[in-house]
Amino acid sequence: SAHSSAKQDSTVSTYACQRRTTLNNHNKIFTDALEILAENLEFCGDQGPSLAFRRAASVLKSLPAALRRQEDTQRLPCLGEHSKAIIEEIFECGSSSRVEEILNDERYRTMKLFSSVFGVGLKTSENWFCRGLRTFEQVLSEPSIRLNRMQTAGFLFYEDISKPVSRTEASALKIIVEEAVICVNPFATVSITGGFRRGKEFGHDVDFIIKTPEAGQEDVILPAVIERFKSQNILLYSDLQESTFDIRQLPTHCFDAMDHFSKCFLIVKLKCEQETDARAARDWKAVRVDLVAPPLERYTYALLGWTGSTLFERDLRRFARLERGKLLDNHALYDKATNTFLPANTEEDIFAHLGLEYIEPWQRNA
Ligand code: ATP
Ligand code: MN
Ligand code: MN
């Protein structure tokens with residue numbers, strides 16, 4: 001109704017952590033376009049302008065209804081002239097000519113393809129593109145290219161890990177991870193985090209966070225889980241990053257969302273009902289799994305940080321710093337005014353310290 005739309009427009013915050021963003025996106029036609037523009041700018045190294053389009057898309061995702069006309073954008077935050085022009089063209093023509101152009105652009109298509117490989121980031125993709133490479137076949141037959149271990153696994157299992165992981169597959173993996181964790185510490189618990197915790201039906205990987213009953217028990221868990229997966233013959237790739245967390249170094253100002261906890265990035269075999277590949281007679285699918293095991297007293301901050309979305313996390317930190325004079329990262333919440341760390345047993349505690357209304361995980365799809 002006109003009433004609810006007026007109310008909605010006047011109350012949308014510039015911070016994603018003050019908006020409730022479910023997966024029910026009423027403005028997909030606009031947000032898809034804006035996110036392609038953002039992605040293209042990232043591929044060109046223009047992070048700043050890219051973020052502006054990401055923020056514009058995120059605001060539209062939080063709206064309770066579809067935009068009906070151009071005037072609906074007037075009172076919304078984070079929509080620059082460029083974003084508004086794209087929206088206007090979509091209203092008038094049904095699509096954006098700039099977006100169509102990008103989708104057909106050789107650089108965009110090649111960067112999209114290369115960066116879809118596990119272990120291949122934007123720098124490597126750009127390097128390969130600039131050397132005239134356009135296909136996986138060309139990359140793999142180029143003698144001067146030395147793939148690292150991660151990229152080798154990325155190409156080897158590309159067919160499987162480029163397919164979305166379903167919620168059913170995520171639940172099956174949770175049982176496998178739980179079983180391995182309990183062998184090491186029967187009182188440790190495993191929770192799904194990342195996109196599945198936000199309610200997504202599909203993900204590019206499955207993220208788990210491990211909670212130990214006492215601090216100091218976390219360090220032995222991941223190496224033992226990896227060993228167990230190896231002995232079960234389900235480990236296809238593992239990159240274990242030992243903890244570099246040091247409580248004396250807090251606050252750490254990890255604005256890039258990287259943290260110092262013990263974690264591992266895995267590719268595991270997941271048994272499936274039907275053969276995925278009749279020729280090879282495989283009864284398994286390769287799936288990407290991330291595990292993080294923070295010290296018990298850091299658990300709540302780590303859980304909040306690993307739940308995402310990326311933009312939601314970014315805005316939580318930005319809000320804490322700019323509006324509250326506090327520093328938030330995956331390890332701690334620090335109050336600059338009193339030079340103290342603020343304790344939290346639950347995510348609700350962290351939102352309360354920041355003077356924010358609690359936002360449920362499924363409302364963090366900013
Ligand atoms: P998808 O469904 O595509 O997996 P996702 O939201 O789960 O979406 P991920 O890339 O799995 O995306 O990341 C989940 C969360 O984990 C994000 O909030 C991100 O900040 C956090 N995260 C990912 N990698 C790291 C890392 N190396 N260190 C710290 N945090 C990370
Ligand atoms: Mn994920
Ligand atoms: Mn992940």
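The values are calculated or read from the model by the stated rules, or taken from the named source; none is laboratory data. Fair warning: this is a prediction, and the values are worked out from it, not measured in the lab. Using ideal geometry, Cβ is built from the backbone for each residue, glycine included, and neighbour counts are taken over all protein chains shown. Areas reflect the complete protein model, heavy atoms only, side chains present, ligands, DNA and RNA absent. Shrake-Rupley method; radii C 1.70, N 1.55, O 1.52, S 1.80 Å.
To keep it simple, each residue is scored yes or no on (1) more than 30 Å from Asn25 (Cα to Cα); (2) more than 16 Å from ligand 3 (Cβ to nearest atom); (3) not assigned by TED's automatic domain parsing to the domain that holds Lys263.
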position: Gly194; (1), (2), (3): no, no, no
position: Arg198; (1), (2), (3): no, no, no
position: Glu218; (1), (2), (3): yes, yes, no
position: Ile221; (1), (2), (3): yes, yes, no
position: Ile234; (1), (2), (3): yes, yes, no
position: Ser238; (1), (2), (3): yes, no, no
position: Asp246; (1), (2), (3): yes, yes, no
position: Leu250; (1), (2), (3): yes, yes, no
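Residue under question is Phe114, and the condition is that it be at pLDDT 95 or above and in contact with a strand residue (DSSP E or B) (Cβ under 9 Å, 6 or more places away or on another chain); does it hold?
no
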Just the residues that are out of contact with any Phe, Trp or Tyr (no Cβ under 8 Å at 6 or more places or on another chain), among the β-branched types (Val, Ile, Thr) and more than 16 Å from ligand 1 (Cβ to nearest atom), please, taken from segment 295-349. Thr338, Thr346
Please go through segment 132-146 and pick out each residue that is open to solvent by 60 Å² or more (accessible area, probe 1.4 Å) and either touching a strand residue (DSSP E or B) at 6+ places or on another chain (Cβ under 8 Å) or assigned to a helix (DSSP H, G or I) (or both). Glu137, Gln138, Leu140
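Every residue, every condition in (1) among the hydrophobic types (A, V, I, L, M, F, W, C); (2) within 13 Å of ligand 2 (Cβ to nearest atom); (3) crowded, with 19+ Cβ neighbours inside 10 Å, yes or no:
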| site | (1), (2), (3) |
| --- | --- |
| Arg167 | no, yes, no |
| Ile176 | yes, no, yes |
| Pro186 | no, no, no |
| Arg198 | no, yes, yes |
| Ile209 | yes, yes, yes |
Pairs needed: first member in segment 140-166, more than 12 Å from Asp205 (Cβ to Cβ); second member anywhere, outside any helix (DSSP H, G or I) and hydroxyl-bearing (Ser, Thr, Tyr); C-beta distance under 6 Å; at least 6 residues apart or different chains. Ala153/Tyr237
Please indicate, with yes or no, whether at least one residue in segment 241-257 is over 30 Å from Phe136 (Cα atoms) and at pLDDT 95 or above. no
Can you give me the number of residues within segment 327-342 that are open to solvent by 30 Å² or more (accessible area, probe 1.4 Å) and in contact (Cβ under 8 Å) with a residue 60 or more places away in the chain? 2
Kindly indicate whether any position in segment 284-300 is of a type in the set (Ser, Thr, Tyr), surrounded by 14 or more Cβ atoms within 10 Å (Cβ to Cβ), at pLDDT 95 or above and away from ligand 3 (no atom under 15 Å from the Cβ). yes
Just one of Ile182, Ile226, Ile145, Ile210 is modelled with pLDDT of 95 or more and closer than 30 Å to Asn365 by Cβ; which is it? Ile210
In segment 52-99, what residues are among the basic types (Lys, Arg) and buried (at least 21 other Cβ atoms within 10 Å of the Cβ)? Arg54, Arg55, Lys61
